[in-house]
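Below is one structure, written out as structure tokens; the observations come after it.
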Amino acid sequence: MDRIEKLLAFLQSNPQDNFVGHALALEYIKNGDDLKARSLFEGILARDPTYIGSYYHLGKLLERAGDIQLATQWYEKGMAASKAAGDQHAYNELQAAYEDLVY
């Protein structure tokens, strides 16, 4: 059983598990399936806007797809969420990605 199959099995037993969903999205990115990854990241953040790690990866995915405006919006949301959570490291990473697009 490959990683994606294992993660899908875990996710089927607990569909709200953000960690597993995030890991699965990263595997989809590795396999070049950005649409599935995007759907997972968006689902995670719709359910739990405090799941900080998904903002950065969703933003980068949108950048690769050429949707700079939407990537910028997700970075902004991620910066707000990471600031509210007191996660300075995540904030700095999101801010750097944001500034690379905006400036």
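Can you name the residue in segment 86-97 that is out of contact with any Phe, Trp or Tyr (no Cβ under 7 Å at 6 or more places or on another chain) and open to solvent by 70 Å² or more (accessible area, probe 1.4 Å) and, of all such residues, is nearest to residue 22 (Cα to Cα)? For segment 86-97, the residue satisfying everything is 89. Selection of segment 68-79 for residues being open to solvent by 60 Å² or more (accessible area, probe 1.4 Å) and not basic (Lys, Arg) yields 68, 69, 73, 76. Pairing residues of segment 6-20 that are in a helix (DSSP H, G or I) with residues that are open to solvent by 80 Å² or more (accessible area, probe 1.4 Å), at Cβ distances under 7 Å and at least 6 apart in sequence or on separate chains, gives 20/10. Scanning segment 1-35 for residues that are open to solvent by 70 Å² or more (accessible area, probe 1.4 Å) and among the small types (Gly, Ala, Ser) yields one hit, 13. Consider residue 37 carefully, then state whether it is under 13 Å from the mean Cα position of the chain (by Cα) and either assigned to a helix (DSSP H, G or I) or farther than 20 Å from residue 10 by Cα (or both). The answer is yes for residue 37.
Restricting attention to segment 43-61, the residues that are within 16 Å of residue 79 (Cα to Cα) and surrounded by 15 or more Cβ atoms within 10 Å (Cβ to Cβ) add up to 12.
The values are calculated or read from the model by the stated rules, or taken from the named source; none is laboratory data. All values reported here derive from a predicted model rather than from experimental measurement. Cβ atoms come from the backbone with ideal geometry, glycine included; neighbour counts cover every protein chain shown. Just the protein is used for accessible areas: all its heavy atoms, side chains included, with ligands, DNA and RNA removed. Shrake-Rupley method; radii C 1.70, N 1.55, O 1.52, S 1.80 Å.
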